[in-house]
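Chemist: First the structure, then my questions, so here it is.
The values are calculated or read from the model by the stated rules, or taken from the named source; none is laboratory data. Treat the numbers as computed from the prediction; the structure is a model and nothing was measured. Cβ placement follows ideal geometry from the backbone for every residue including glycine, while neighbour counts extend to all protein chains displayed. The area values use the complete protein model at the heavy-atom level, side chains included, leaving out ligands, DNA and RNA. Shrake-Rupley method; radii C 1.70, N 1.55, O 1.52, S 1.80 Å.
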Amino acid sequence: MPKNRFPSARGRRYGAPSSVLRRASIGGIVLAVLLAVAGLAAYVTRAESPAAPKATPAPASSSTSPSPAATTHAGVAVGAPPRTTDPIEFAKGATKVLWTYDTRSFSQTEHLAGLKQWMTSEKKYADWKSVSDQVPSPVLWSRMHDNGQHAGATVGEGHFPQAFKTALAQDPGAIT
């Protein structure tokens with residue numbers, strides 16, 4: 001039977017890594033890899049910097065084309081409604097202009113004037129308050145202008161809700 005079954009600390013050679021040192025090294029490497037992955041993820045998903053709008057300045061002269069949200073009408077920030085009888089196409093266009101704005105080029109008043117073009121003249125159906133409530137107040141618009149904020153909307157699809165289709169099928173004469 002051997003005298004010493006378990007090797008003692010004296011039996012170890014100098015320079016051989018200890019288990020604590022080995023674990024610390026592995027932990028450090030794992031931490032460095034996780035930090036690199038987190039940094040890469042942050043870089044890939046980063047938000048647009050506030051300085052980015054300055055790279056594409058607002059049109060200053062009439063020789064440059066206006067932004068997609070703008071029309072050629074002076075002082076109007078929203079395109080005119082489409083000439084269509086299709087309610088889906090109209091709704092898609094209205095949705096796009098409601099959620100598209102450019103505080104760098106147009107005032108809140110100009111934006112509201114453009115949206116007003118889309119309202120029907122029939123008082124029974126027009127609900128200007130519900131539309132104008134979606135636009136930021138003049139004070140907030142001014143702060144957004146100071147930060148150069150703008151937004152563009154893309155409408156992927158439009159359709160009638162199933163409840164509307166059902167109601168129309170049950171009483172087609174209800175909507176003229």
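Chemist: If I ask for residues that are open to solvent by less than 100 Å² (accessible area, probe 1.4 Å) and either among the aromatic types (F, W, Y) or in contact (Cβ under 8 Å) with a residue 40 or more places away in the chain (or both), which ones from the range 99-129 would you list?
Modeler: Passing the criteria: T100, Y101, D102, T103, R104, S105, F106, G114, Q117, W118, W128.
Chemist: For the condition at pLDDT below 50, under 30 Å from A113 (Cβ atoms) and loosely packed, with under 13 Cβ neighbours inside 10 Å, what is the one hit in S63, S49, S67?
Modeler: Exactly one of S63, S49, S67 is at pLDDT below 50, under 30 Å from A113 (Cβ atoms) and loosely packed, with under 13 Cβ neighbours inside 10 Å, namely S63.
Chemist: Right, here's the next one. Restricting attention to the range 138-160, which residues are more than 18 Å from V78 (Cβ to Cβ) and open to solvent by less than 80 Å² (accessible area, probe 1.4 Å)?
Modeler: Answer for the range 138-160, where residues must be more than 18 Å from V78 (Cβ to Cβ) and open to solvent by less than 80 Å² (accessible area, probe 1.4 Å): S142, G148, G156, G158, F160.
Chemist: Related question: Kindly indicate whether F90 is surrounded by 15 or more Cβ atoms within 10 Å (Cβ to Cβ), assigned to a loop (DSSP other than H, G, I, E, B), modelled with pLDDT of 85 or more and more than 19 Å from the chain's Cα centre (by Cα).
Modeler: The answer is no for F90.
Chemist: When you check R83 against the structure, is it surrounded by 13 or more Cβ atoms within 10 Å (Cβ to Cβ) and outside any helix (DSSP H, G or I), yes or no?
Modeler: So R83 does not fit the description; no.
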